[in-house]
Amino acid sequence: MSLNAGAAISTINTNAKSVAGEYLTFILGSEEYGLEILKVQEIRGYDAVTQISNTPDFIKGVVNLRGKIVPIVDLRIKFHMSKVEYDEFTVVIILNLSGRVFGVVVDGVSDVTTLKEEQIRELPALVTSIDTKYIVGNSYSGVKNAYSGGH
């Protein structure tokens with residue numbers, strides 16, 4: 001799969017571990033992002049959630065996933081992107097990050113791609129409008145951002 005300028009997301013500090021590896025790529029608006037594949041528990045179609053009062057807008061609610069209550073986060077809202085209608089391509093990626101299970105709503109899932117360390121560039125110093133501590137870099141292979149999810 002050939003991707004246009006992208007980013008990879010890693011769950012730990014890039015100084016502690018190589019950023020090379022397999023990433024699940026997904027679409028948000030017109031951009032493509034990647035998540036470390038080992039952090040992905042499952043991919044599900046978007047389904048109704050139980051809303052929780054007094055939560056930030058980006059938290060859509062919770063779902064019952066085989067007896068476990070799982071919060072669902074809409075990354076478009078979290079990243080201050082324009083709202084997109086939920087359709088048949090909208091999916092929820094269930095992640096397990098350091099024992100915390102939660103889902104992220106994305107516009108669609110693309111593929112699993114392998115990125116080599118030399119394919120991932122450091123983020124430019126100009127990126128200051130967002131918290132970049134979990135973004136490991138920008139990929140020459142096209143994955144817009146690689147994300148680790150943090151600890």
Would you grab the residues whose amide H sits under 5 Å from the one on Phe58? Only those 5+ places off in sequence or on another chain, please, with H modelled 1.01 Å from N.
none
Considering amide H positions built from the backbone, and no H for Pro or chain starts, which residues 5 or more places from Phe102, or on another chain, come under 5 Å of its amide H?
Leu95, Leu97
Rounded, prolate or oblate: which one fits the range 32-93, using the alpha carbon gyration tensor with axes a ≥ b ≥ c (rounded when a/c is under 1.5, else prolate when a/b beats b/c, else oblate)?
rounded
Tell me, what ³J(HN,Hα) does each residue in the range 43-50 have, in order and in whole Hz, if you take phi through Karplus 6.51 cos²θ - 1.76 cosθ + 1.60 with θ = phi - 60° and put x for Gly and Pro?
10, 10, x, 5, 9, 4, 10, 8
Leaving ligands and nucleic acids out of the surface, order Ile94, Ile52, Ile120 by accessible area at 1.4 Å, largest first.
Ile52, Ile120, Ile94
For Val109, enumerate residues with amide H under 5 Å from its amide H, sequence gap 5+ or separate chain, H modeled in the peptide plane.
Ile27
Heavy-atom accessible area with a 1.4 angstrom probe orders Phe26, Phe58, Phe89, most exposed first, as Phe89, Phe58, Phe26
Solvent-accessible surface (1.4 angstrom probe) belonging to Val73, in square angstrom, nearest 10:
20 Å²
Sorted by accessible area with a 1.4 angstrom probe, largest first, how do Ser110, Ser98 fall?
Ser98, Ser110
Excluding ligands and nucleic acids, what accessible area in Å² is computed for Thr114 using a 1.4 Å probe, to the nearest 10?
90 Å²
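The values are calculated or read from the model by the stated rules, or taken from the named source; none is laboratory data. Bear in mind the structure is a predicted one, so any value in this text is a computation, not a measurement. We work out accessible area using only protein heavy atoms, side chains counted, and drop any ligands, DNA or RNA first. Shrake-Rupley method; radii C 1.70, N 1.55, O 1.52, S 1.80 Å.
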